[in-house]
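Visitor: Take this structure first; my questions come after.
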Amino acid sequence: MSEIPTIEINKETIIKPENLVYKPPKTLFDTPMHYCPGCGHSTVHKIFMEVVEEMGIENDIIGVAPVGCSVFAYYYMNVDMQEAAHGRACAVATGIKRVLPDKFVFTYQGDGDFAAIGTAESIHAANRGENFLVIFINNAVYGMTSGQMAPTTLYDMVSTTTPYGRDPKIHGHPFKITDLIAQLPGAVYVTRQSVHTTANVRKAKKALRKALEIQKLNLGFQLVEIVSNCPSNWRMTPLESLKFIEEQMLPFYPLGDLKVPEGI
Amino acid sequence: MKEEAIFSGFGGQGVLSMGQMLAYAAMKEGKEVCWFPSYGPEMRGGTANCITIISDSLISSPIISTFDTVIALNQPSVEKFEPKVKPGACIIYDSTNIIEPPKRKDIKIYPIAGSEAALKLKNLKVLNMVILGAYTQLKGIVNPETVINALYEILPERHHRLIPLNKEAFELGMDLMMKLV
Amino acid sequence: MGEIRLMKGNEALAEAMIRAGCDAYFGYPITPQSEVIEYLSREAPKKSKMVVLQAESELGAINMIYGAAGCGKRVMTTSSSPGISLMQEGLSYIASAQLPCLVANINRGGPGLGTIQPSQSDYMQAVKGGGHGDYHLIVLAPYSVQEMVDFVKIGFELAEKYRNPVMILADGAIGQMMEKVELFDFIERNQEAPEWATVGRRPGKDRVFITSLFIQPEKMEEVNKILQAKYREVEKKEVRYQQLNIEDAEYLLTGYGLGARICMKAMEIGREKGYKIGLIRPITLYPFPYNVYNELAPKIKGILDVEMNAGQMLEDVKLAVDGKTTVKFYGRMGGMIPTPEEIIESFENHFIYGGKNV
C-alpha cells in the first residue's frame, strides 16, 4: 500500500464546492452503519449503490437482504428491499423476479447464508438461470453470531467452533461454491472480486456494473463473489485483516472472472 | 333415488374410469354425484377401487361401508366386497376371471363373462366398458346414450378413434345383462 | 350459473386459482396433491399469465411466495403435511411481515413420513400458529370439491383484507375425490400494487422495505400488538360454520372437512334409529366458532367430536363448551377414515349405553 501524502487543509478550503472530491451516492441513506471499523461490507454497499445511481435504476431495483452481518442492509440502501429468512434470499429473489421480470433484482448474502444454510436455494436459482444478481460476501467466518466456522473458512483457520483450526477430517473442506456455480449453464456471469485495495474496489465496482448490464439483457444468473474481511472475528486490526486477505484468502480464492457471457 | 356403488379390480383394468364415466353421465343427467378413489401405490398391479354415489339430493359421506352395487373384476375384490353388499342388493362380477363366485343367498348375483366378450372384440382393455354396459342395463340409473356421449367429453381427442370400439363393448355388456334378467 | 364440471378436489382447486386471477404459484410435488401443480402446468398457460414454477423444495416454494407476495401479487402454494411442516418457517415470516398469501394443506397421515392416505392430524399446526412466534393463519376447512373452489376465492379475499396468510386445510380424500362443481367466472383484478409492496421506488415517495426483523423488543412488542389486534378483529368478523338439525337436537356430532361429511351420514343413520342428533361443522377452524358451541351446550346432553386424528379440535370444542355439557371423542388415525357406522356405534356407547362398552 502506498503512503498517504500530507497536505495543509483547513475548514474553509474543505467546504468549497470546487474542492469536493467525494460524496456518497443518494442511494445510500445518510446514517451511520453498524459494521465494525475496517469491515468490507460498507465498501461493497457503497460501490453497489454508486452503480445503481450511475445507471439511474434506483426506482427499478428490488433487493433482498439476508440473515448475517448484512441483515440490516436495507437500513443503508435506499431502494425497495425485502428481508429474507436465513438462506432463502435466492428463493425470495426468484419470487420477486418471476412476478416483476422488468425490474432489477439482487440479493446480498454472506457465506453462511449463501453457501451453507441456503445452498439448495442458491444452486437451484443459479441452475434455473434466474435473472438476478447475487452479491456474495465471503469473509470465511460467521460474523453476526460472532466468529463461528463458515463453509468458506480456510484450512487451519481458527474460529470459535474450530478453536484448534479447521481440520478437514472433522469440519470438512472450505467450500468453493462460486467455482461450483460457474459449472452451471444457468449461471452466465460468475466472478470473484475483493475490496481490500483501492484498485480492487474499482474492479469490484466494474464487475457489479457488468452484472447489472447482463441482467438488463436477460441472460441469466449473475454471481459476484467478494472476498472480504472480518477484523473483529479474525481477531486482527483492519490492516492485518487486509494482509490476511492478500496472503491467505486470495491464494485459495483467486480473483478474476470464472465465466463471462460471450460478447460481453 | 340414491345409488351407492363400488367398482373394484386390479389396477389397470379401468375400474377407476368406469366409476368416473358413470359419475359423469349421472351429472349430465342432473344428479348429484361423488366419486371417491382408492389412491396411492395400488395404482398399478394391486387392487384398485372407487366408490361412486349418485343421488337426487345432496350427498353426505363419500365414505360408505355397504353398497347397493358391487362391481368386481377380480377374485380379491369379490372376497373383499361381497360381504359389504347391502341385503337384497347386488353384485356384478367378471365370470371369466373369477373362479370362486359370490355365494351369499340374500343378494342378487350377476355373472357377466366380460373378459371373454372383450377378447371377442380383440381388446381386453374394453372389459370395463362391457361391465359398465351390463351395470347400466341392470340399474337403469343413467341413459346408455349419456354414457357413450360422455366418452367424447372425458377422453382426450387423440383417443376418440377408440370410441366406436368402446361403444360396441358397452352394448355387448348390455346384451349379456339382458340375457340374465 | 357458472360452468358445471366433474372435477377432482385438487384439480378444482387449481382451476379456481386460475379463475381467481392468481398471479403466481410456487410448489413442490407431494402426494396426495401433485395434481395441483400438474394441472396448473398444463392449464394455466392456456388461460392466464400465471407464473407456475416447480421449486427445489417446499422451503424454496414458500420463500418464493414471500418474495412474490411482497410485490403485491396474488400468490398461492399447496402441499401436504410433511411439506407443510417444511413451510412453517416461511409462514411465520410471512405472518410477521403481514403479507397476504394462500396455502392449501392436503393433509395426509403422520407423524413423520407417515402415509399418503387422508388425515386431519395437522389441525393443531394449522390453527395454533405452526411456526415460531405468536401468530395465526386464517384456516378454512372445505368439506366438498365445491368448497375447494369457493374457498380459493374467499381465501384470497381474506388474505388481502387482513394482509395475513390463509390456509385451506383439506385432506387427501377431498383432494382426490370427484364431485360436481360450479366454477366461478374468471375474475378481472385491479393490477395496481398496494403501497406496502416492493415494486421499485415510487417517485416522490419513501422507498418500501418488508421485514420481520424488529430487533428492539419494544418495537417487536408493538408489532405483536398490531398482529393480535388483527386476530381479534378476525375472530369477531370472520367466523364461519354450519349447523344441521339443531332445532330439536338432544345430542350433537361435530367435525370438520371430510369428518363432517361422514358425520352427516352418521346423523342420518342415528335419526333413523330415533336419536335426535344435530351437527355443527366449523368452516373456519381459525377463527373457531366457540360461541356457537357455548350457546348450544346447556341444551344438549352430549357432543361427540369426530376427527381423523387423536383428538385435536377436541381441545377447542371443550374450551368452547366450558363444562356445560359432556364432550366425547371418536377418531381414527394414521390415514384411516371413520365410517358412519363406527361413529354411530361410538355415539351409542357413550351416550345411550352410558359408556359401558367404551
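Visitor: For residues that are under 25 Å from residue C:171 (Cβ atoms) and touching a Phe, Trp or Tyr at 6+ places or on another chain (Cβ under 9 Å), tally how many sit in region C:75-95.
Guide: So the answer is 12.
Visitor: Within region C:187-222, how many residues turn out to be of a type in the set (Phe, Trp, Tyr) and either free of Cβ contacts under 8 Å to residues at least 12 places away in the same chain or surrounded by fewer than 14 Cβ atoms within 10 Å (Cβ to Cβ) (or both)?
Guide: Looking only at that region, the number is 2.
Visitor: Mind listing just one residue for me: the one in region A:76-97 that is of a type outside the set (A, V, I, L, M, F, W, C) and within 28 Å of residue A:176 (Cα to Cα) and, of those, surrounded by the most Cβ atoms within 10 Å (Cβ to Cβ)?
Guide: A:95
Visitor: A further question follows. Check whether at least one residue in region B:38-47 is away from every other protein chain (no Cβ under 14 Å), at pLDDT 95 or above and in a strand (DSSP E or B), and report yes or no.
Guide: No: region B:38-47 contains no residue that is away from every other protein chain (no Cβ under 14 Å), at pLDDT 95 or above and in a strand (DSSP E or B).
Visitor: Return the total of residues in region C:63-94 being more than 8 Å from chain A (Cβ to nearest Cβ) and free of Cβ contacts under 8 Å to residues at least 60 places away in the same chain.
Guide: Total satisfying the criteria: 10.
Visitor: Okay, next question. Limited to region C:96-111, what total is found for residues that are closer than 26 Å to residue C:172 by Cβ and touching a residue at least 12 places away in the same chain (Cβ under 8 Å)?
Guide: 10
Visitor: Do the conditions hold for residue B:83, that is, is it out of contact with any helix residue (DSSP H, G or I) (no Cβ under 7 Å at 6 or more places or on another chain), farther than 24 Å from residue B:23 by Cβ and modelled with pLDDT of 95 or more?
Guide: Spelling it out, residue B:83 is indeed out of contact with any helix residue (DSSP H, G or I) (no Cβ under 7 Å at 6 or more places or on another chain), farther than 24 Å from residue B:23 by Cβ and modelled with pLDDT of 95 or more.
Visitor: Sort through C:37, C:4 and tell me the only one that's under 21 Å from the mean Cα position of the chain (by Cα) and either away from every other protein chain (no Cβ under 13 Å) or of a type outside the set (Gly, Ala, Ser) (or both).
Guide: C:37
Visitor: So, one more: Only one of C:318, C:219 is within 30 Å of residue C:95 (Cα to Cα), at pLDDT 95 or above and in the same structural domain as residue C:141 (by TED's automatic domain parsing). Can you tell me which?
Guide: Being within 30 Å of residue C:95 (Cα to Cα), at pLDDT 95 or above and in the same structural domain as residue C:141 (by TED's automatic domain parsing) holds for just one of C:318, C:219, which is C:219.
Visitor: Of everything in region A:247-260 that's surrounded by 13 or more Cβ atoms within 10 Å (Cβ to Cβ) and out of contact with any helix residue (DSSP H, G or I) (no Cβ under 6 Å at 6 or more places or on another chain), which residue is farthest from residue A:181 (Cα to Cα)?
Guide: It comes out as A:248.
Visitor: Still on this structure, please answer the following. Scan region A:121-131 and give yes if some residue there is crowded, with 24+ Cβ neighbours inside 10 Å, within 8 Å of another protein chain (Cβ to nearest Cβ), not basic (Lys, Arg) and not in a loop (DSSP other than H, G, I, E, B), otherwise no.
Guide: yes
Visitor: Only residues that are touching a residue at least 60 places away in the same chain (Cβ under 8 Å) and within 14 Å of chain B (Cβ to nearest Cβ): list them for region C:244-255, please.
Guide: Once the filter is applied, which keeps residues that are touching a residue at least 60 places away in the same chain (Cβ under 8 Å) and within 14 Å of chain B (Cβ to nearest Cβ), region C:244-255 yields only C:253.
Visitor: Is it fair to say residue C:159 is more than 10 Å from every other protein chain (Cβ to nearest Cβ), surrounded by 22 or more Cβ atoms within 10 Å (Cβ to Cβ), closer than 20 Å to residue B:58 by Cβ and under 20 Å from the mean Cα position of the chain (by Cα)?
Guide: no
Visitor: Continuing with this model, one more query. Would you mind stating whether residue A:31 is in contact with a strand residue (DSSP E or B) (Cβ under 8 Å, 6 or more places away or on another chain) and within 23 Å of residue A:82 (Cβ to Cβ)?
Guide: no
Visitor: Scan region C:169-213 for residues that are aliphatic (A, V, I, L, M), assigned to a loop (DSSP other than H, G, I, E, B) and closer than 30 Å to residue C:281 by Cα and jot them down.
Guide: Hits for region C:169-213 are C:177, C:187.
Visitor: Turning to a different aspect of this structure: Check region C:324-339 and report whether any residue there is touching a residue at least 40 places away in the same chain (Cβ under 8 Å), over 24 Å from residue C:151 (Cβ atoms) and of a type in the set (D, E, K, R).
Guide: No, every residue in region C:324-339 fails to be touching a residue at least 40 places away in the same chain (Cβ under 8 Å), over 24 Å from residue C:151 (Cβ atoms) and of a type in the set (D, E, K, R).
Visitor: Next up: Hey, can you tell me all the residues within region A:98-118 that are facing chain C (nearest Cβ under 8 Å) and not in a helix (DSSP H, G or I)? Break it down into steps so the answer makes sense when it comes.
Guide: Restricting attention to region A:98-118, the residues satisfying the condition of being facing chain C (nearest Cβ under 8 Å) are A:98-100, A:103.
Result: A:100, A:103.
Visitor: Moving on to the next point. Given A:48, A:29, which one is in contact with a helix residue (DSSP H, G or I) (Cβ under 7 Å, 6 or more places away or on another chain), without any contact (Cβ under 8 Å) to a residue 60 or more places away in the chain and hydrophobic (A, V, I, L, M, F, W, C)?
Guide: A:29
Visitor: Would you mind telling me which numbered condition in (1) in contact with a helix residue (DSSP H, G or I) (Cβ under 8 Å, 6 or more places away or on another chain); (2) more than 24 Å from residue A:124 (Cβ to Cβ); (3) in a loop (DSSP other than H, G, I, E, B) residue A:204 fails?
Guide: Result: residue A:204 passes all but (3).
Visitor: Is there a residue in region C:97-112 that is part of a helix (DSSP H, G or I), modelled with pLDDT of 95 or more and either surrounded by fewer than 24 Cβ atoms within 10 Å (Cβ to Cβ) or assigned by TED's automatic domain parsing to the domain that holds residue C:173 (or both)? Quick ask: steps written out before the conclusion?
Guide: Taking region C:97-112 and keeping what is part of a helix (DSSP H, G or I), we get none.
Scanning region C:97-112, I find no residue that is part of a helix (DSSP H, G or I), modelled with pLDDT of 95 or more and either surrounded by fewer than 24 Cβ atoms within 10 Å (Cβ to Cβ) or assigned by TED's automatic domain parsing to the domain that holds residue C:173 (or both), so the answer is no.
Visitor: Here are B:103, B:139, B:108, B:167: which of them is more than 25 Å from residue B:54 (Cβ to Cβ) and either surrounded by fewer than 21 Cβ atoms within 10 Å (Cβ to Cβ) or among the aliphatic types (A, V, I, L, M) (or both)?
Guide: Step by step, each of B:103, B:139, B:108, B:167 is checked, and only B:103 is more than 25 Å from residue B:54 (Cβ to Cβ) and either surrounded by fewer than 21 Cβ atoms within 10 Å (Cβ to Cβ) or among the aliphatic types (A, V, I, L, M) (or both).
Visitor: Moving to a separate point now. Considering A:87, A:186, A:172, A:95, which residue is farther than 25 Å from residue C:215 by Cβ, of a type outside the set (Val, Ile, Thr) and within 14 Å of chain C (Cβ to nearest Cβ)?
Guide: None of the other options fit; the residue is A:186.
Visitor: Limited to region C:40-62, what total is found for residues that are in a loop (DSSP other than H, G, I, E, B), touching a Phe, Trp or Tyr at 6+ places or on another chain (Cβ under 9 Å) and within 11 Å of another protein chain (Cβ to nearest Cβ)? Even if it seems obvious, please write down each step before you answer.
Guide: From region C:40-62, those in a loop (DSSP other than H, G, I, E, B) are C:48-50, C:55-57; that's our starting set.
Imposing the further condition that a residue be touching a Phe, Trp or Tyr at 6+ places or on another chain (Cβ under 9 Å) reduces the set to C:48, C:50, C:55-57.
Filter once more, keeping what is within 11 Å of another protein chain (Cβ to nearest Cβ): C:50, C:55-57.
Total meeting the criteria: 4.
Visitor: Got a number for residues in region A:180-211 being surrounded by fewer than 18 Cβ atoms within 10 Å (Cβ to Cβ) and in contact with a Phe, Trp or Tyr (Cβ under 9 Å, 6 or more places away or on another chain)?
Guide: Counting residues in region A:180-211 that are surrounded by fewer than 18 Cβ atoms within 10 Å (Cβ to Cβ) and in contact with a Phe, Trp or Tyr (Cβ under 9 Å, 6 or more places away or on another chain) gives 1.
Visitor: Across region A:74-84, what is the total count of residues that are more than 7 Å from every other protein chain (Cβ to nearest Cβ) and either in a loop (DSSP other than H, G, I, E, B) or closer than 14 Å to residue C:198 by Cβ (or both)?
Guide: 1
Residues checked against (1) farther than 21 Å from residue C:80 by Cα; (2) in contact with a Pro (Cβ under 7 Å, 6 or more places away or on another chain):
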site	(1), (2)
C:257	no, yes
C:267	yes, no
C:283	no, no
C:302	yes, no
C:308	no, yes
C:312	no, no
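Visitor: Here's a follow-up. Among the strands (runs of 3 or more DSSP E) contained in region C:276-338, which hold 3 or more residues that are under 17 Å from the mean Cα position of the chain (by Cα)?
Guide: The strands (runs of 3 or more DSSP E) meeting that bar are C:277-282, C:284-286.
The values are calculated or read from the model by the stated rules, or taken from the named source; none is laboratory data. Only a predicted model underlies this, so the values are computations on that prediction, with no experimental measurement involved. Neighbour counts run over all protein chains shown; Cβ positions are idealised from the backbone, glycine included.
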